[in-house]
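Worksheet for the structure shown next.
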Amino acid sequence: FRIRLFTAGTVASLFNSLARGAVTLVLTFYLQGPSMGLDALQAGIFLIPISVSIGLLGPLSGYLSDKYGPRFFATSGLIVSSAGFLLLATIGRTITFWQLALPLSLVGAGIGLFQSPNRASVMNSAPPSARGIATGTTTTVFIAGASVSLGLAFFILTRGVPIADLQNIFVGGTALTNAPWIGNFIDSIHTVYYVSTAFLLVGIIPSVLRGPP
């Protein structure tokens, strides 16, 4: 952690995982929940844009960062994902595939832009003899951030929705179209994505401060 590039990239990765660890889970609740009422297959189709944009931008950003350095691309990825999360924080009780495609594409594009350059920056900063330790450390930090993100999302969602009803939605139970807490449910989703945006904005700081290679 005395190595500036290693520490900056690892801390940026932590905040990135804190932000996006729960994005798919929360959208699953939303798409299969009482306001949308989709089945698992339909919900999966709605989530396709995030995977497509990651697949397209990840290799490209990795190639460009090898030529021009990781700081611009990794930082841009956090900014682009922030824009996507802000749009997700405005979703209403119902949404079409194409309305959801834009914010999900931005989130996925941001992940693709960030992940490859940041990972390469972290690993290249470590001496060859310590790269196994570096890999284990960064992976642990990433998984810890994602786990906290899931716990925090559940905590926020259960403030306005009975836990039994959330579990019913998650296992594909009957959608409660007349549930009295639908408004609270949507507000809780907004809160999750505002918190995610805040994590990404904080993550921009170490990403910028990593400096040139």
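The values are calculated or read from the model by the stated rules, or taken from the named source; none is laboratory data. Only a predicted model underlies this, so the values are computations on that prediction, with no experimental measurement involved. We place every Cβ from the backbone using ideal geometry, glycine too, and count neighbours over all the protein chains shown. Heads up: the accessible areas ignore ligands, DNA and RNA and are worked out on the full protein's heavy atoms, side chains in. Shrake-Rupley method; radii C 1.70, N 1.55, O 1.52, S 1.80 Å.
Taking the highest mean first, how do the peptides 78-90, 53-65 order by number of other beta carbon atoms within 10 angstrom per residue?
With the highest mean Cβ count within 10 Å placed first, the list reads 78-90, 53-65.
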Top positive-direction residue, dipole computed over the chain with Cβ charges, set 153, 96, 73: 73
Given (i) 18.4, 56; (ii) 28.0, 107; (iii) 18.1, 60, the label whose value is Rg and Dmax of the Cα atoms in Å derived from this model: (iii)
Full-stretch length increase - residue 194, residue 40 - with 0.36 nm per residue and alpha-carbon distance subtracted: 52.9 nm
Computed lengthening from residue 201 to residue 66, 0.36 nm per intervening residue step minus Cα-Cα distance: 46.2 nm
Dipole magnitude of the chain, debye to nearest 20 (Cβ charges: Lys/Arg +1, Asp/Glu -1, about Cα centre): 740
Mean Cβ count within 10 Å, highest first, over the residues of peptides 141-151, 98-108: 98-108, 141-151
Pairwise FRET efficiency - residue 150 versus residue 124, Cβ, R0 = 30 Å, nearest 0.05: 0.50
On Cα atoms only, tilt of 97-125 relative to the major axis of the chain in degrees: 30
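What percentage of the solvent-accessible surface of segment 41-112, computed with a 1.4 Å probe over protein heavy atoms, is contributed by carbon and sulfur atoms?
73
DSSP loop (so not H, G, I, E, B), at most 13 other Cβ within 10 Å: list which trypsin sites (Lys or Arg not before Pro) in segment 68-136 pass both filters. Walk me through the numbers on the way to the answer.
Numbers: sites: 71, 93, 119, 131; in loops: 93.
Within segment 68-136, the qualifying trypsin sites (Lys or Arg not before Pro) (loop, at most 13 other Cβ atoms within 10 Å) are 93.
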